[in-house]
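Let me begin by presenting the structure, written as structure tokens, before commenting on it.
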Amino acid sequence: MAITLVNPDGLPKIDVYRQVSIASGSKQIFIAGQVAWDAEGNTVGEGDLTAQVEQCYLNIGTALAGVGGSFDDVAKLTVYVVDWTPDKMPALLEGISRAAAKLGVTPTPPATLLGVAALDVPDHLVEIEATAILD
């Protein structure tokens with residue numbers, strides 16, 4: 001495996017992600033921000049943050065599989081949420097949990113969460129981009 005995820009001593013232990021990823025592979029994969037579109041370009045979960053987060057993660061899983069990878073290869077995620085407030089965290093985590101169950105993974109790479117005013121189309125509530133490393 002090209003990625004090792006760790007929580008170094010001296011940093012808080014966060015349940016939903018690790019603080020550091022160590023990449024030892026040689027091929028970098030940059031996945032464009034994924035929104036809640038299905039394979040035909042239809043928005044999934046209009047108005048439902050949980051459903052949209054789930055679809056974003058599933059799309060990342062599809063993109064990774066398409067290049068011979070999986071969530072085990074993800075070094076970093078960046079999550080953009082429209083009008084973010086901390087009370088949206090349970091919906092975000094539920095979407096991640098649903099996708100993880102469907103994908104059979106525990107996606108815990110380092111992540112940055114950013115609140116934004118808007119995304120590409122008004123129906124999209126979240127966009128997630130990923131960087132992965134393959135051997």
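Applying 1/(1 + (r/R0)^6) with R0 = 41 Å to the Cβ-Cβ distance of Asn42 and Lys13, what FRET efficiency is obtained, to the nearest 0.05?
0.60
Can you work out D for the stretch 3-134 in µm² s⁻¹ from Stokes-Einstein, where Rh is the Kirkwood radius over C-alpha pairs, the temperature is 4 °C and the viscosity is 1.567 mPa s?
Calculated translational D: 87 µm²/s.
Test of understanding: in a Gaussian network model of the chain with alpha carbons linked when under 10 Å, which of Leu103, Leu125, Leu64 would top the mean-square fluctuation ranking?
Leu103
Would you mind checking which residues have amide H under 5 Å from Ala111's amide H? H placed 1.01 Å from N; only 5 or more apart, or other chain.
Hits under the 5 Å cutoff: Leu77.
Of Ile3, Leu77, Val126, which is farthest towards the positive pole of the stretch 3-134's charge dipole, taken about the Cα centre with +1 and -1 on the beta-carbons of Lys, Arg and Asp, Glu respectively?
After comparing all options, I get Ile3.
Can you spot the lysines whose alpha carbon is less than 30 Å from Lys88's alpha carbon? Ignore those fewer than 8 places along the same chain.
In chain and number order, the partners are Lys13, Lys76, Lys102.
Just the number, please: carbon plus sulfur as a percent of the accessible area of the stretch 3-134, 1.4 Å probe, no ligands or DNA/RNA counted.
It is 54 percent, rounded to a whole number.
Would you calculate a helix-derived [θ] at 222 nm for the chain, using -39,500 (n - 2.57) for each DSSP H run of n ≥ 4 and dividing by the full residue count, to the nearest 500?
Taking each H run of at least 4 residues, the total per residue is -8000 deg cm²/dmol.
If you take every residue apart from Tyr80 with its C-beta less than 15 Å away from the C-beta of Tyr80, what net charge results, scoring Lys and Arg +1 and Asp and Glu -1?
-3
Report relative contact order for the chain in percent, whole number only (criteria: Cα-Cα under 8 Å, sequence separation at least 6).
So the answer I get is 39 percent.
Could you state how much accessible area Ile60 has, in square angstrom rounded to the nearest 10, with a 1.4 Å probe and all protein chains kept in place?
That residue has around 0 Å² of solvent-accessible surface.
Determine the dipole magnitude for the stretch 3-134: charges of +1 sit on the beta-carbon of Lys and Arg, -1 on that of Asp and Glu, nothing else is charged, the reference point is the Cα centre, and the result goes in debye to the nearest 20.
Value, rounded to 20: 560 debye.
The values are calculated or read from the model by the stated rules, or taken from the named source; none is laboratory data. All of these numbers come straight from a predicted model, not from anything done at the bench. With ideal geometry, Cβ positions are generated from the backbone for all residues, glycine too; neighbour counts draw on all protein chains shown. To get the accessible areas, we keep the full protein, side chains included, count just its heavy atoms, and leave off ligands, DNA and RNA. Shrake-Rupley method; radii C 1.70, N 1.55, O 1.52, S 1.80 Å.
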